[in-house]
Each structure stands twice: as structure tokens, then as C-alpha cells.
1. Taking Ala24 as the residue in question, decide whether it is surrounded by 10 or more Cβ atoms within 10 Å (Cβ to Cβ) and in contact with a Ser or Thr (Cβ under 7 Å, 6 or more places away or on another chain).
2. Filter region 29-83 for residues that are outside the structural domain of Ala18 (by TED's automatic domain parsing) and basic (Lys, Arg); which is farthest from the chain's Cα centre (by Cα)?
3. State whether one or more residues within region 63-71 are at pLDDT below 95, in a helix (DSSP H, G or I) and among the aliphatic types (A, V, I, L, M).
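The values are calculated or read from the model by the stated rules, or taken from the named source; none is laboratory data. Quick caveat: nothing in here was measured; it's all calculated off a predicted structure. Here Cβ is always computed from backbone atoms with ideal geometry, including for glycine, and neighbour counts include all displayed protein chains.
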Amino acid sequence: MLGNLVRRLVNLVVLALAGYAFFALPVGRRTPWQHVVAIFSTPPAHEAAEDVQKTGADLRDRVVGEGRRAALALRDAGADAHR
């Protein structure tokens, strides 16, 4: 039990140090966080995000449309069975 507690505390300390390093310690001229922000702020990254958003919306529309068609088919099949 005490071993588990010590291991969790060590893990927490390591995680805290990694978080500190990611946001505070520079790697070159920027911190790793600033590098990530710079990478995802480029025009190609914005274009990729727009493409992913459009593809997701298209996929959602397809899934919803198929679901509606299936629901209508089931409703019609049920109505035919009751006749």
C-alpha cells in the first residue's frame, strides 16, 4: 500500500516537471508549447483544419441521411405488415 502511494507521488512529480518543461523551458528560441502554437498557426494548418471540418460535416450529413432513410424504410415495412 505504501509502495503504491510512493509510486503515485513519483509519477505526479515527474508529470509536474514534464508540464513545467513543456510550458516554461525554451528549446531553441521557443518553449515546446510555443513551437506547437506556431506550427498550428500556419496557413497550411488552417487549410487542413478547414478540410477536416468539411469532411466531418459531409460524413455527418451522410450518416444522418442514411439513418433517416433506414427509419423511413422500417416505418413503411411496419405499416405494410399491419395492412
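1. It is true that Ala24 is surrounded by 10 or more Cβ atoms within 10 Å (Cβ to Cβ) and in contact with a Ser or Thr (Cβ under 7 Å, 6 or more places away or on another chain).
2. Arg83
3. Yes: region 63-71 contains one or more residues that are at pLDDT below 95, in a helix (DSSP H, G or I) and among the aliphatic types (A, V, I, L, M).
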